[in-house]
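Notes follow the structure.
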Amino acid sequence: MATNVYEGLFIFDSDLYARGADEVSSQVANIVEQLGGEILLSRLWDERKLAYPIKGHSRGTYWLAYFKIDPTAVKDLTRQFQLSGSILRFLILLVDPRLVDTLVEHARAGKLHAGQSDAIEELSQIEVPDIEDLNGGEDTV
């Protein structure tokens, strides 16, 4: 079974995260592992005011994860993240295999650089269409 490495940035409901950080943050790992994936790194990134309300929330807790999973499972993975009540928004990117070790080590160090703050702001403003809308109803990953 071929696997790819993906980077996921998640915005959690800050209220739910404050009441049960372990329970909320473990959702990402649980979903990935249920679909046969493996978490390489999963950590808190930041908590901040959103540029505009998302699902009625003005604050979000940002969570960064790197994981391996079969590309055919990405559609199911995306659907599970969409159904989660604690995930307000998420973005999943395929990582170039040559960059995996460097990105994971950089994320493990936990340092934000100036450009990441801008990227967080942009993520909170992205309108995410359903996957069916993106590919005309066909299943492609």
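Shown in residue order for region 86-98 are the 3J(HN,Hα) couplings computed by the Karplus curve 6.51 cos²θ - 1.76 cosθ + 1.60 at θ = phi - 60°: 9, 9, 7, 7, 8, 9, 10, 10, 6, 9, 4, x, 6 Hz (x for Gly and Pro).
Given +1 at the Cβ of Lys and Arg, -1 at the Cβ of Asp and Glu and no other charges, the dipole of region 37-105 around its Cα centre is 440 debye to the nearest 20. Accessible surface of region 2-89, 1.4 Å probe: 47 percent of it comes from carbon and sulfur atoms.
Just to confirm, what accessible area per residue do you get for region 22-93 at 1.4 Å probe, in whole Å²?
That works out to 48 Å² per residue.
The values are calculated or read from the model by the stated rules, or taken from the named source; none is laboratory data. Keep in mind that what you see is a predicted model, and the values were worked out from it rather than measured. Every residue, glycine among them, receives a Cβ derived from its backbone with ideal geometry; neighbour counts consider all protein chains shown. These accessible areas exclude ligands, DNA and RNA; they are computed on the full protein's heavy atoms, side chains included. Shrake-Rupley method; radii C 1.70, N 1.55, O 1.52, S 1.80 Å.
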